[in-house]
Each structure stands twice: as structure tokens, then as C-alpha cells.
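Only one structure is covered here, and it is reproduced in the block below.
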Amino acid sequence: MSQNPARTTTRAALAIGDKDFVADPSGALFLEEERLLIVADLHLEKGSAYATRAVFLPPYDTRQVLGNLAALMRFYAPRGLIALGDSFHDQGAGERLHPADRERLAVLQQGREWIWISGNHDAERPLGIGGIFLDELRLGPFTLRHVPMEGRDGTGELAGHLHPVAKVRGRGGVVRRRCFLTDGRRCILPAFGAYAGGLNIRDEAFTALFSLKDAEAHVLGQKGVYVFPARHCLEE
């Protein structure tokens, strides 16, 4: 058996059902057929939320996330974006947005369809934020939601919430990275937020949704997306 079962490309093809997506190293999915970008768990204004509890992080997470989204917009030129919930870290995040970041977001939204799926952190619509707010969305054969449906029969589901990470052994040693987790029927997207943590895909929260022998982790690296069989990924 190979010591390094991964294969890599700058961007990885990720098939879900009968559709081919592009898994971008940033953590976004791109559905070229519809020219749609899909991201999960932006957690905008997490830094300022922590500051209210006297936990001081550099207050630039929202700027970084919006900058990463802007780079994706330039590269893919999508007609729209779908954010799979927990886009805002809490109910006051919209009010705490710096005016410059609010303007950056408005510029990104201009001329594009922009759909916010509600999450457990942002169940209520932030004031003064453009876009369409939905509990979930049907897109052809897919259901896009925040929290994945319970059980392994999640055919056509795209979700976030769980912040998947994979711990893998490569040529440079063991690393722990954000990842897409998929079995070809459903996909859990990595958290896109700058300060978002992660849960190991060997955790029971994932094994209740996927059979490890059928699932793949599309691991985000600095130079591309590395595809590992989930069964080769390591526990914490």
C-alpha cells in the first residue's frame, strides 16, 4: 500500500450525484454549469464577537474573508453565490460590520444573485444586508442547507455546520487541514471563515453521516486540493 494515498491538483473535480463541481483550495465549491459559488460558515465578525467577551483577536477576520471572496469572484466570474449558513457569527454581527466592510460586501453582491441560508448562529436576518435569506434551497437535484440531515441517506445534500477537517500523513509529516467530505451523494463543506475551527472527520458526527470506506476528504493545501480516502485519514 502506498504511504501517501493522496492525489492532487490545483483545483479538484468533485462529483456529487451526476454533477461535477470544482473544489477550490479556498474552501469554496463552484458549479460551472450554473456559474454558482457555494461557501459555508463565513462567521463574519467572529473577532468582534470575542472582543465583547474580553477575548481579543486581530479584528481583521471579516476583511480577510471578504478579500478571499473577492479573489474568487475575479477568478470564476460567478453569476451568484450561495452561503450555507452561519455567515454571520451572531445576531449582532451585521450591526458591528465596519462601514468599509459593509461597502466591500455590497460591491461583491452588485449584479449577482446572492443567497444567504440561515444557520444556527444567524437564524435572524441581519439588518441592512442585501441578498435573499432562506432556510434552505432546492437547486435541481440538490438541497442546500446549513445542518446536514441525520443519517447516511443524504442524497443530493450540500451542507456546512460541522467544519470538517482531516488529519493526514503526507511526505512532510502529519498535517491537519480543512476539507470537503463527500461520498458522491452528499458533501459537507469546510468552514470558509478566517477564525472558524474544525472537527475531525473521524468524529462520530461524521461517521453517522458517511461510511468511511465510501467517503473521500478533499483536503485544502497551500498549493492545491489533495484527495484522500477517508479511511486513510487519522483520528485526533
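For region 105-189, the relative contact order works out to 20 percent when only alpha carbon pairs closer than 8 Å and six or more residues apart are counted.
Between the Cα long axis of helix 99-109 and the first principal axis of the chain there is an angle of about 60°, rounded to the nearest 10. Charge dipole (Cα centre; +1 on Lys/Arg Cβ, -1 on Asp/Glu Cβ; no other charges) of region 155-204 amounts to roughly 340 debye. Taking all Cα pairs closer than 8 Å and separated by 6 or more residues, the relative contact order of the chain comes to 23 percent. Taking a ≥ b ≥ c as the square roots of the eigenvalues of the Cα gyration tensor of region 75-134, is the shape rounded (a/c under 1.5), prolate (a/b larger than b/c) or oblate? Because a/c hits 1.5 or more and a/b fails to exceed b/c, region 75-134 counts as oblate. The count of lysine pairs in the chain with alpha-carbon distances below 26 Å, taking only pairs 8 or more places apart or on different chains, stands at 5.
When Lys and Arg each count +1 and Asp and Glu each count -1, what net charge do the other residues less than 13 Å away from Ile132, Cβ to Cβ, add up to? Result for the neighbourhood of Ile132: -1.
Looking at region 71-172 only, what percent of DSSP beta bridges run antiparallel? Nearest 5 please. In region 71-172, DSSP labels about 25 percent of beta bridges as antiparallel. Relative to the longest principal axis of the Cα atoms of the chain, helix 61-76 runs at roughly 70 degrees.
Summing +1 for each Lys or Arg and -1 for each Asp or Glu, what net charge is found among the other residues whose Cβ lies under 12 Å from the Cβ of Phe30? Result for the neighbourhood of Phe30: -1.
Every number here is computed from the coordinates shown, using simple stated rules; none is lab data. Source: prediction; values computed, not measured. Methodologically, a virtual Cβ is constructed for each residue, glycine included, from the backbone with ideal geometry; neighbour enumeration extends over all protein chains shown.
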